[in-house]
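What follows is a short report on a single structure.
The values are calculated or read from the model by the stated rules, or taken from the named source; none is laboratory data. None of the values given here were measured: they were computed from a predicted structure. All Cβ positions, glycine included, derive from the backbone under ideal geometry; neighbour counts span all protein chains shown.
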Amino acid sequence: MLDVVEMFTSINGEGERAGELAVFVRFKGCNLRCSYCDTLWALEADADSTAMTPEQIIDNIKDTGVRNVTITGGEPLMQSDIYDFLEKLSREEGLRVEIETNGSIGIGPFLNIPNRPSMTMDYKLPSSKMESRMDMGNLELLEEKDTIKFVCGSIEDLDRAKYLIDQFNLTEKCSVHLSPVFGAIEPEQIVEYMKHNKMNDVRLQIQIHKVIWDPDAKGV
């Protein structure tokens, strides 16, 4: 069984398919507490949730008729039955599955799933207060179908992101996105930093859903 706090259809607010329709499956719980977290309500042990089997979740996904599927949280890789769920989901023809993971849990075991989901890994920079929890081995495992996202709230964060991008040759392995912490840094500052440092093959990503709807809205 998996603890689902919400399922809904909206647009992808970020990632490689930003702006496209997607079915979101949000699981309960997270092992981190980032300073800028925008889903704290879903992280606590007493958060309202529904226990569902992998088959029930997959049936609900298929009923929407939407092909993009975003698995998120919290931290979805914490769920005890998540491997079984992802393995079953990967057998469904026509679905494009993305997992949003926080970078603290090793992704290696999940890369062995045939037709595996893509990983969007959110590396936690200094302003998150959670960088010490990152599994650095993950940076060696990312592949072409994956994305690493650096959520930046300061110039210090940008400096750290640039160091990691260069150190691990990330633009040669996967898609690389920089995203501003909403309200902490202006996107213009990130663009100027990218220009100054000639950051080729790095993409600025704005959270579209926070522009369309209230930044604190749920289910969007």
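Determine which single condition residue 9 fails, assuming it passes every other condition in (1) of a type in the set (Ser, Thr, Tyr); (2) closer than 23 Å to residue 109 by Cβ; (3) modelled with pLDDT of 95 or more.
Of everything listed in (1) of a type in the set (Ser, Thr, Tyr); (2) closer than 23 Å to residue 109 by Cβ; (3) modelled with pLDDT of 95 or more, residue 9 misses just condition (2).
Using beta carbons and a limit of 6 Å, which pairs, at least six apart or on different chains, have the first residue in segment 115-140 and over 14 Å from residue 164 (Cβ atoms) and the second one assigned to a strand (DSSP E or B) and aromatic (Phe, Trp, Tyr)?
Going by the 6 Å Cβ cut-off, there are no qualifying pairs.
Here is a yes/no grid of residues against (1) modelled with pLDDT of 95 or more; (2) more than 19 Å from residue 179 (Cα to Cα):
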{"position": "33", "(1), (2)": "no, no"}
{"position": "38", "(1), (2)": "no, no"}
{"position": "76", "(1), (2)": "yes, yes"}
{"position": "87", "(1), (2)": "yes, yes"}
{"position": "125", "(1), (2)": "yes, no"}
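Can you say whether residue 71 is of a type in the set (A, V, I, L, M), in contact (Cβ under 8 Å) with a residue 40 or more places away in the chain and either in a helix (DSSP H, G or I) or in contact with a Gly (Cβ under 7 Å, 6 or more places away or on another chain) (or both), as far as the supplied structure shows?
Here the answer is no, as residue 71 does not meet what is asked.
Pull up segment 46-60, narrow it to residues that are charged (D, E, K, R) and out of contact with any strand residue (DSSP E or B) (no Cβ under 9 Å at 6 or more places or on another chain), then point me to the one that is modelled with the lowest pLDDT.
Here the residue is 46.
Of the residues 136, 121, only one is modelled with pLDDT of 95 or more, within 17 Å of residue 32 (Cβ to Cβ) and surrounded by fewer than 21 Cβ atoms within 10 Å (Cβ to Cβ); which? Talk me through it step by step, then tell me what you get.
Details: 121 fails: surrounded by fewer than 21 Cβ atoms within 10 Å (Cβ to Cβ).
Exactly one residue qualifies, and that residue is 136.
Condition check: under 20 Å from residue 133 (Cα atoms), under 14 Å from the mean Cα position of the chain (by Cα) and touching a residue at least 40 places away in the same chain (Cβ under 8 Å). Does residue 98 satisfy that?
No: the conditions fail for residue 98.
With the requirement that a residue be among the hydrophobic types (A, V, I, L, M, F, W, C) and not in a loop (DSSP other than H, G, I, E, B), what does segment 158-182 give you?
158, 161, 164, 165, 170, 176, 178
Quick check on this structure: which one of 105, 185 is among the aliphatic types (A, V, I, L, M), in a loop (DSSP other than H, G, I, E, B) and over 16 Å from the mean Cα position of the chain (by Cα)?
Checking each option against the conditions leaves just 185.
Quick one: residue 26 ticks every box in (1) free of Cβ contacts under 8 Å to residues at least 12 places away in the same chain; (2) in contact with a strand residue (DSSP E or B) (Cβ under 7 Å, 6 or more places away or on another chain) except a single one, so which number is it?
(1)
Yes or no, residue by residue, for (1) at pLDDT below 95; (2) within 30 Å of residue 178 (Cβ to Cβ):
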position	(1), (2)
44	yes, yes
62	no, no
84	no, no
96	no, yes
99	no, yes
115	yes, yes
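May I ask you to verify whether residue 199 is part of a loop (DSSP other than H, G, I, E, B) and at pLDDT 95 or above?
Working: part of a loop (DSSP other than H, G, I, E, B): yes; at pLDDT 95 or above: yes.
Against the criterion (part of a loop (DSSP other than H, G, I, E, B) and at pLDDT 95 or above), residue 199 qualifies.
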